[in-house]
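Below is one structure, written out as C-alpha cells; comments come after it.
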Amino acid sequence: MSSTARARPLRVAAAQLGPIGRHESRAAVLRRLVALVEAAAAGGAALVVLPELALTSFFPRWVIDDPAEFEGFFEDAVPGPGTQPLFDAARRLGIGVHIGYAERAVIDGAVHHFNSSVLVDRSGEVIGRYRKVHLPGDREPRAGAAFQHLEKRCFETGDGGFRAWPALGGIVGMLICNDRRWPEAWRVLGLQGVELVLVGYNTPLHNPEAPGHDAHVKAQHRLVMQAGAYQNATWAVAVAKGGTEEGQALLADTLIVAPSGEIVAESRTEGDELVLADCDLELTGTYKSTIFDFAAHREPRAYGLIVERRGAGPPLQD
Ligand code: CDT
C-alpha cells in the first residue's frame, strides 16, 4: 500500500466470537462482548465490529417448534434493555459499535423477524440499521442433514436495501454474511462512495446441500471479501462467530481487507479474539479516482440484465 499526504486513520477492532451455546444466557454472552469492547478500547480502536447474530447461538441450524424458545432468540430493540451494558461500556470508553442480532419488529401492527445489524457511533448515537437481504438455506428442513440452515424459515428478507452512512470520519456500510457473496450488494454500497464495509458472519464449514464445496469454504470467503473491497475501493471487515458451536464447525478467519484487496490483519484462533488494524480511509481515494472511477468508466447501459433477471435465462438474441 502507498501512503497518502492527508491520512484519515481509523483504528478498527474486529471482535471475533467463539461458539455460543444454545442455552448460554444473554448475561454470559454480554460479559464476553463487554470484555471485547473494553479490550478494543484499550487497544486504541475507534470502532469495534461484532459478528452476525452475536447475542445467541446460530439458531437457524435447528427446527424450533416451541414459539417461546424461538422468540427468545430475538430482540425488540438494540440498543435496548437487554444489551444496555454493552452500549454503556462503549459510550463510556468512546468507541463505536457494530453488532448483528435477531430483530423482532412491529410494523403496521404486525410482527416481523429480521437478521439485522446496527451501527452506533462513539457517543452512543445510532448511525444506521441494516436488515439482511440475502437469506441462504431452506424454509423447510432438509431430510438427513446433521444441521439445518433455515434462515428462510426464521427471517424475512430485509426491506431496506443496502445503505451507507457518513460515520467515524468516512462512509460506512453494512452487509451480513451471505450478502458478501453477491457482487450486486457490494456495488450498491460502492455507488454510495462507501469506504468501510462491515460484515458479520456465521459460515458453516460443511454444507449438506453441496458437500463438494466444503474444502473451499475459507478460500471462497477470502475471495469474495478481497474482491468486494478491491472492486469497490473500500476497506472491509469480516468478523466471524467461529469454532465448533453445538457440534457444528463454523469458519473463523476474521479479516480486515484494504482497498488494494490485501488482507492486512486476520485472526489466529477460533475463539473470542480481537483483530486490530489501522485503516487509512484516504487510501480508498487512490482507487476511486483511478481504476474504479465509476463515473468515468462504468457503463450502466450494458448492465440491464442485472436488474431485469433474477435467475439465469437463455443467451440474449441479436
Ligand atoms: N449466515 C450465513 O449467511 N451463512 C451462509 C451459509 C451458506 S450455506 C447454506 C454463508 O454464506 O456463509
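Table for the structure above
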item: Some residue of the range 168-175 being of a type outside the set (A, V, I, L, M), crowded, with 18+ Cβ neighbours inside 10 Å, touching a residue at least 12 places away in the same chain (Cβ under 8 Å) and farther than 28 Å from Arg61 by Cα; result: yes
item: Residue in the range 213-229 that is modelled with pLDDT of 95 or more, within 11 Å of the ligand (Cβ to nearest atom), in contact with a strand residue (DSSP E or B) (Cβ under 6 Å, 6 or more places away or on another chain) and not aliphatic (A, V, I, L, M) present; result: no
item: Extreme residue, farthest from the ligand (Cβ to nearest atom), among residues of the range 17-56 that are of a type in the set (D, E, K, R) and more than 14 Å from Gly96 (Cα to Cα); result: Arg31
item: Criterion violated by Phe292 - all others in (1) of a type in the set (A, V, I, L, M, F, W, C); (2) away from the ligand (no atom under 16 Å from the Cβ); (3) part of a strand (DSSP E or B) satisfied; result: (3)
item: Within the range 198-209, tally of residues that are part of a loop (DSSP other than H, G, I, E, B) and either of a type in the set (A, V, I, L, M, F, W, C) or in contact with a Ser or Thr (Cβ under 7 Å, 6 or more places away or on another chain) (or both); result: 1
item: Selection from the range 161-183 of residues that are within 16 Å of the ligand (Cβ to nearest atom) and in a loop (DSSP other than H, G, I, E, B); result: Phe162, Trp182
item: Selected residue [out of contact with any Gly (no Cβ under 8 Å at 6 or more places or on another chain) and away from the ligand (no atom under 13 Å from the Cβ)] from Gly158, Gly137, Gly124; result: Gly124
item: Boolean, Asp278 is in contact (Cβ under 8 Å) with a residue 24 or more places away in the chain and under 29 Å from His23 (Cα atoms); result: no
item: First in the range 296-318 and at pLDDT 95 or above, second anywhere and part of a loop (DSSP other than H, G, I, E, B), Cβ under 8 Å, 6 or more apart; result: His297/Ile291; Leu305/Leu316
item: Selected residue (only one of Leu33, Leu55 is within 24 Å of Val237 (Cβ to Cβ), among the aliphatic types (A, V, I, L, M) and part of a helix (DSSP H, G or I)); result: Leu33
item: Options Leu250, Leu255: the member that is within 10 Å of the ligand (Cβ to nearest atom) and touching a residue at least 60 places away in the same chain (Cβ under 8 Å); result: Leu250
item: Members of the range 185-197 found to be more than 15 Å from the ligand (Cβ to nearest atom) and either assigned to a loop (DSSP other than H, G, I, E, B) or closer than 27 Å to Glu270 by Cα (or both), listed by number; result: Leu191, Gln192, Gly193, Val194, Glu195, Leu196, Val197
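Results for (1) under 16 Å from Gly158 (Cα atoms); (2) out of contact with any Pro (no Cβ under 8 Å at 6 or more places or on another chain); (3) part of a helix (DSSP H, G or I); (4) not polar (S, T, N, Q), shown as yes or no for each residue.
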| residue | (1), (2), (3), (4) |
| --- | --- |
| Phe70 | no, yes, yes, yes |
| Val78 | no, yes, no, yes |
| Thr83 | no, yes, yes, no |
| Phe87 | no, no, yes, yes |
| Arg92 | no, yes, yes, yes |
| Tyr101 | yes, yes, no, yes |
| Phe114 | yes, yes, no, yes |
| Ser117 | yes, yes, no, no |
| Gly124 | no, no, no, yes |
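Okay, residues lined up against (1) of a type in the set (Ser, Thr, Tyr); (2) surrounded by fewer than 22 Cβ atoms within 10 Å (Cβ to Cβ):
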position: Pro81; (1), (2): no, yes
position: Ala89; (1), (2): no, yes
position: Tyr101; (1), (2): yes, no
position: Phe114; (1), (2): no, no
position: Val126; (1), (2): no, yes
position: Ala143; (1), (2): no, yes
position: Arg153; (1), (2): no, yes
position: Gly158; (1), (2): no, yes
position: Cys177; (1), (2): no, no
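The values are calculated or read from the model by the stated rules, or taken from the named source; none is laboratory data. Keep in mind it's a predicted model, so treat the numbers as computed, not measured. Neighbour counts are summed over all protein chains in view; Cβ atoms, including those assigned to glycine, are modelled from backbone coordinates with ideal geometry.
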